[in-house]
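What follows is a single structure, written as structure tokens, with notes after it.
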Amino acid sequence: MSLWRDIRGTILPFWVTLRYLFRRPVTVCYPERKQTPAPRYRGRLVLTRDPDGEERCVACHLCSAACPVDCISMQAAEREDGRRHAAWFRINFSRCIFCGLCTEACPTLALQMTSEYELASRELLQVIYEKDELLIDGCGKNDGYNFYRLAGIGVAAPRGSNPGETPPVDFRSNLP
Amino acid sequence: MPTLIIDNQTVTVPEGTNVLEAAKRLGIEIPHFCHHEALGSVGACRLCAVEFREGPVKGIQMSCMVPAKDGMVVDTGSAEVLAYRAQVIEWLMTNHPHDCPVCDEGGECQLQDMTVAGGHGIRRYTGPKRTYQNQNLGPFIAHEMNRCIQCYRCVRTYQDYCGGTDFGVLGSRQRLYFGRFSDGPLESPFAGNLIDVCPTGVLTDKTYRFKSRIWDLQEAPSICPHCSLGCAVTPGARYRQLQRRRARTNNRTNGHFICDRGRFGYGYANHPDRPRYPLLGHRRVTWQEALAALQNKLQELGELFGPGSIGLLTSSRATLETQFLTKRWAAALGSDQLCFEAHPGRDLGARVAASQRLDRTASLEDVRNCDLAVLIGADPLSEAPMLALALRQAARRGARIVVVDPRPVELPLAYERHAVSVEKLGQLLRGLSRPQQSEFPSSMEELGGSLASALLAAKSPLLIGGTDLLGPQGTEAMQQAAEACSQPETPCRTMFLLAGPNSFGGALLSAEGPCFSSLLEGMEQGRIKALLCFEADPLADYPDRKRSRAALARLDMLAVFDCAATATLQEADLFFPTTAVEESTGTLINNEGRMQAFEQVFSAGTPLAESAGGSHPPRFFSRDIPGSEPQSAWGILGALMGRSADLLTLRSEIEKNDHRFAGLSQLEARGEGRRIAAPRQYSLSHQPNISGIMGSDQLQLLVTETLYGSELLSNLSSCLHESTPSAFVMLHPQDAARFKLEEGKKVLLGTPVGDLTLTLRIAGDMVPGMAIVPRLRGTVLEPLVPGTEPLPCRIEKA
């Protein structure tokens, strides 16, 4: 029986190769032709804006804490209206392993992955992206979400006027 | 001593311990919010529920409210208990704003931890959330009431523990509000502790707002350098910037809390004017050039004028290691012109204080447990704020607190006040040192007699003195008084407030060495040609600035080693940058002789926020870190002496060299510190000198410390500037009427340093015939230094 198995094992690979000779190739002539990756492809990171057009990122440091290769750094600051934002935000794509943990950690859906994968460069500094290069003008994948309208601390709307909130209490009154 | 079983482990605890703390002894952490070791239990949060299976109580109970009893069998993790706690957490979260990403407590939030531990993820309750308006609570604390879980820790800390009256709980039912009646800065100098005790993000550090997350901070156990008490703190730094200080627990000293001067005085390490490079003249040079210039000059002077022409000065800010190596170096150079404090009065005062018997020296723990404390010439809130908090804890247990002082001393507790002039303080102490003979000065017999009998009758009496006001003689008199008022079973302890965090170390090392006055004489006569100042500022600290300026100007070389831009630095020929406390390791000895080691928190360097101009970090790579040149003073000294810069070797050498520092090399920064092995030997040879009687229209001018603005390092912290008072003078109403002056108006104060225009404050509970001014750096009052005899002055309308 082992002889039969050996013959089969010798012929079958040749048959497979022969079969593929008559099929269309799966490779494309990159870079002349480019493939469109799947929508959930883990490519370059972007910072998105909320439906009101404000920066979504509140510089909470969760992405940098989740990052296994420490490629994200930032500094938080406070805007005059009390909004927390990133004074600067830097992603070092020469370190990034595109694991997507940062986007999973992001509580405001600011950090999202795109299908852009053409990041290679001979110049190291060109793959270190600052906030102005990361920030895009749209909402990305979740166009309805606005963190400040759900977190009730009165930044996007006056205190007590977000959906599901009662007006601020009058603590000087003891009436029921 | 009840014995009980918790989670199948047997533990025996002292009577009165609650089950939560008994479990903690076994290493079992029962989740809780409202219980706090220093504040006790109230049973408000309902989270610490455990199941009692056997014993006097049965079923699910709050472990913080049940005292441990014999025969109890406790299960902290049964299915029923876990379900109960998960439900409690879910209730607590129904009104929470879910804003963790923008909350500064994130990462160090107990509510976050408990929510995750309780398994609560999705808010099932669909009703509306309650909201509040926030208040502006001043420059230190940010308020976000929506995050509150009503654990009452803040009120218990602020009102009960710290004695503040302007923050409390308002409202009713589920509208409880923790805040002030109206917006305004919190008045208590211990308000910063609210940041530490709040288990969520209602009260957070405004000076640290949005700067970092705890997991990004570099932290290490450290010691607060802003007064002589040596409170345990945990500073946090990021991107080469010291960003905050938190209280650390040391039950022998500060307990769980610290004062606002310590908490918000950290800014000196990041001060934009901090000199970070060696300077020769006013030109920036390399370390090699500067060290070579120093050694050449010293060699030249040594050959020309002998080793006695080199004077060395350290200060109470310098670590024990620096002080010891300075002494070593002076010996190596052959110079005996070595001094450990630029202020002669404070120097001698510390030497006397350090000669107190160690079993008669009180720690802050002893203060918290005393039943009678007599403060003579001590103003805790200004000179050592945490002492006021310790006294309050004693008073809460029923202790009697008596303040005898010429100043209007304020304490956050119920106390007796006796306004007594400076001269009479000394006489009172000398009377107390012979209690049987009752030799009190006239008009003080009643007070003196009652104090003497109270001190003799008390179980744990305590005498607390400020060396600034008492002076060396008064300090010695207080030691004698404590000795005389001691009974074999009830020794009368003493605590002296010293000038700086390591005054005690300098006093131990100074032996019979000269004080700075004799160094100044040497400079004036031209005997001393060079002065080396190790973290010392003789120009600002010597009481007579005119004299010290003239003497320093005569020097051939003034070399300054410091971490702050001091007045002396402006005159220096050679400057070497040293590290701040947080940037190096070392040992400080606090006012009770406790050696406390501290660790390095971060490496010195210009903060990124400053070097990058507020924008992103520079887009180039270099090995050089801007502003990273400061080195520890003891490291520089080691390099100058050509020895290895190893801290452990140095500490073992100090220990071997001087038996009083036994145990120094085993000292751990996380521990409680260690008392020195023996006090120094010292006795004053001077006779008490009491200043003469002033003319009737002359006032005595007394310079005192204040909470903010007097201490060098904390005054460099910009977050304290808003709370620092502007220059003022205080008068008794009688004197104000005599000179026809009105409160709040500008007055002209004629002092030995010139005529100063100040705002008048009137204080009814001070001694008449006296004008009190605070030491305020950076104002017209800067040349006036506390710790001297009262000066003559006159006052008139401006």
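Listing for the model above:
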{"read-out": "Solvent-accessible heavy-atom area per residue, rounded to whole Å², over chain B at 1.4 Å", "value": "37"}
{"read-out": "Sparse-neighbour loop sites [chymotrypsin sites (Phe, Trp or Tyr not before Pro); segment B:31-135; at most 12 other C-beta within 10 Å; DSSP]", "value": "B:Tyr125"}
{"read-out": "Crossing angle, helix B:445-457 versus chain B [Cα axis fit, 0-90 degrees, rounded to tens]", "value": "50"}
{"read-out": "Of B:Lys297/B:Lys529; B:Lys546/B:Lys797; A:Lys131/B:Lys211; B:Lys424/B:Lys745; B:Lys297/B:Lys327, pairs whose Cα-Cα distance is over 21 Å", "value": "B:Lys546/B:Lys797; B:Lys424/B:Lys745"}
{"read-out": "Mean Cβ count within 10 Å, highest first, over the residues of peptides A:38-46, B:110-118, B:630-638", "value": "B:630-638, B:110-118, A:38-46"}
{"read-out": "Net length gained if the chain between B:Lys745 and B:Arg397 were fully extended (0.36 nm per residue, minus Cα distance)", "value": "121.1 nm"}
{"read-out": "Distance cut-off 36 Å, percentage of C-alpha pairs in chain B lying past it", "value": "49"}
{"read-out": "Within segment B:19-52: backbone nitrogen closer than 12 Å to the B:Lys459 label point (7 Å, Cα to C-beta)", "value": "none"}
{"read-out": "Full-stretch length increase - B:Ala550, B:Ser622 - with 0.36 nm per residue and alpha-carbon distance subtracted", "value": "21.4 nm"}
{"read-out": "Angle between chain B longest axis and helix B:79-92 axis [Cα atoms, degrees, rounded to 10]", "value": "70"}
{"read-out": "Between helix B:287-305 and chain B: long-axis angle, C-alpha atoms, 0 to 90°, nearest 10", "value": "40"}
{"read-out": "Cβ-derived FRET efficiency at R0 41 Å, B:Glu410 paired with B:Leu648, nearest 0.05", "value": "0.35"}
{"read-out": "Per-pair calculated FRET efficiency, R0 = 56 Å: A:Thr114 and B:Ile60 via Cβ, rounded to 0.05", "value": "0.60"}
{"read-out": "Average other protein chain Cβ within 10 Å of Cβ, residues A:75-85", "value": "4"}
{"read-out": "Theoretical ellipticity at 222 nm over chain A - DSSP helices of four or more residues, -39500 (n - 2.57) apiece, nearest 500", "value": "-5500 deg cm²/dmol"}
{"read-out": "Approximate spin-label separation B:Ser78-B:Ser611, in nm, with each point projected 7 Å along Cα-to-Cβ", "value": "6.0"}
{"read-out": "Gain on full stretching of the segment that runs from B:Glu289 to B:Glu15 - 0.36 nm per residue minus C-alpha separation", "value": "92.0 nm"}
{"read-out": "Exercise: per-residue mean of other protein chain Cβ atoms within 10 Å, B:126-137", "value": "5"}
{"read-out": "Normalised convex hull volume, the protein assembly as shown, alpha-carbon set, Å³ per residue", "value": "257"}
{"read-out": "Filtered trypsin sites (Lys or Arg not before Pro), segment B:397-446: DSSP coil and at most 11 other beta carbons within 10 Å", "value": "B:Arg397"}
{"read-out": "Cα-projected label distance for B:Gln87 with B:Glu796, points at 7 Å along beta-carbon direction, nm", "value": "8.0"}
{"read-out": "R0 of 51 Å, Cβ-Cβ distance B:Arg670-A:Thr17: FRET efficiency to nearest 0.05", "value": "0.15"}
{"read-out": "Distance (nanometres) between label positions extended 7 Å along Cα→Cβ at B:Thr126 and A:Asp137", "value": "4.0"}
{"read-out": "Whichever lysines have a C-alpha closer than 17 Å to that of B:Lys24, once near sequence neighbours (fewer than 8 apart) are set aside", "value": "B:Lys69"}
{"read-out": "Helix-only [θ]222 nm of chain B, DSSP H runs n ≥ 4, -39500 (n - 2.57) each, per residue, nearest 500", "value": "-7500 deg cm²/dmol"}
{"read-out": "Average beta-carbon neighbours from other chains, 10 Å sphere, peptide A:161-174", "value": "6"}
{"read-out": "Tensor-based shape of segment B:201-281 (alpha-carbon gyration tensor, a/c under 1.5 rounded, otherwise prolate or oblate)", "value": "oblate"}
{"read-out": "Whether segment B:3-77 is rounded, prolate or oblate, judged on the alpha carbon gyration tensor where a/c under 1.5 counts as rounded", "value": "prolate"}
{"read-out": "Label point at A:Ser94 placed 7 Å out along Cα→Cβ; residues across segment B:600-620 whose backbone nitrogen lies under 16 Å", "value": "B:617-620"}
{"read-out": "Percent antiparallel among DSSP beta bridges (both partners in segment B:699-797, rounded to 5)", "value": "60"}
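The values are calculated or read from the model by the stated rules, or taken from the named source; none is laboratory data. Predicted, not measured: the structure shown is a model, and the values here were computed from it. Note: ideal-geometry Cβ built from the backbone for every residue, glycine included; neighbour counts use all protein chains shown. When the accessible area is computed, the model is the full protein with side chains, heavy atoms only, and any ligands, DNA or RNA have been set aside. Shrake-Rupley method; radii C 1.70, N 1.55, O 1.52, S 1.80 Å.
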